[in-house]
1. Which of the helices (runs of 4 or more DSSP H) found entirely inside segment 1-81 contain at least 1 residues meeting this: in contact with a helix residue (DSSP H, G or I) (Cβ under 7 Å, 6 or more places away or on another chain)?
2. Is it the case that segment 50-73 has a residue that's under 15 Å from the mean Cα position of the chain (by Cα) and exposed (fewer than 11 other Cβ atoms within 10 Å of the Cβ)?
3. Quick check on GLY87: is it modelled with pLDDT under 85 and either within 18 Å of GLY113 (Cβ to Cβ) or assigned to a loop (DSSP other than H, G, I, E, B) (or both)?
4. Can you confirm whether segment 1-19 contains a residue that is under 25 Å from PRO115 (Cα atoms), under 17 Å from the mean Cα position of the chain (by Cα) and at pLDDT below 90?
5. So which pairs qualify, if the first residue must be in segment 77-92 and at negative phi, the second must be loosely packed, with under 10 Cβ neighbours inside 10 Å, the Cβ gap must be under 9 Å, and the two must be at least 6 apart or on different chains?
6. At pLDDT below 90, of a type in the set (D, E, K, R), assigned to a loop (DSSP other than H, G, I, E, B) and surrounded by 11 or more Cβ atoms within 10 Å (Cβ to Cβ): is that true of ASP120 in this structure?
Amino acid sequence: IATTNEKTKEKFKEKAEIWKVKKHKDGKVDLVQLLKKAGENQIASLLVEGGSKVFTSFLKEKLVDKIYYFLSPKILGKGLDSFDDLGIKEISDSITLRDCEIKRFNNDLLIIGYPSWSSDTCVASFLPSPLGGEG
């Protein structure tokens, strides 16, 4: 568990490994520091599960290199968003998935793809590799 809060650290210390990390300017976990900490602990891959705020935070920081996105052909009307506002105003600036693979599970679809940003600079490329050398 990654937290910026000492109380959370104390609450779960018996149940899980807790990493206290600094806050990002938005008051949430500093994701770059979190990934550096993971690398220092020989963790080279993370599965990020969460809601739209967590997913959006990783995408805004360009810290995602692979996306697994499930779609289900069910119409709910108004429901929960998968992502929050990414600040993208033009289709030409959208995050696109490349080299997509689509798998079917009964009527549900899993889309696996690699995000491509309109700018080629990616923060993740500046992170140290847990295996040594550059990221």
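1. Once the helices (runs of 4 or more DSSP H) in segment 1-81 are filtered for at least 1 residues that are in contact with a helix residue (DSSP H, G or I) (Cβ under 7 Å, 6 or more places away or on another chain), what remains is 31-40, 52-60.
2. yes
3. So GLY87 fails the test.
4. Scanning segment 1-19 turns up at least one residue that is under 25 Å from PRO115 (Cα atoms), under 17 Å from the mean Cα position of the chain (by Cα) and at pLDDT below 90.
5. Taking only residues 6 or more apart or on different chains, not a single pair turns up.
6. For ASP120, the condition - at pLDDT below 90, of a type in the set (D, E, K, R), assigned to a loop (DSSP other than H, G, I, E, B) and surrounded by 11 or more Cβ atoms within 10 Å (Cβ to Cβ) - is not met.
The values are calculated or read from the model by the stated rules, or taken from the named source; none is laboratory data. From a predicted model like this one, the values you see are computed outputs, not experimental measurements. Here the Cβ is made from the backbone with ideal geometry for all residues, glycine too, and neighbour counts use every protein chain on show.
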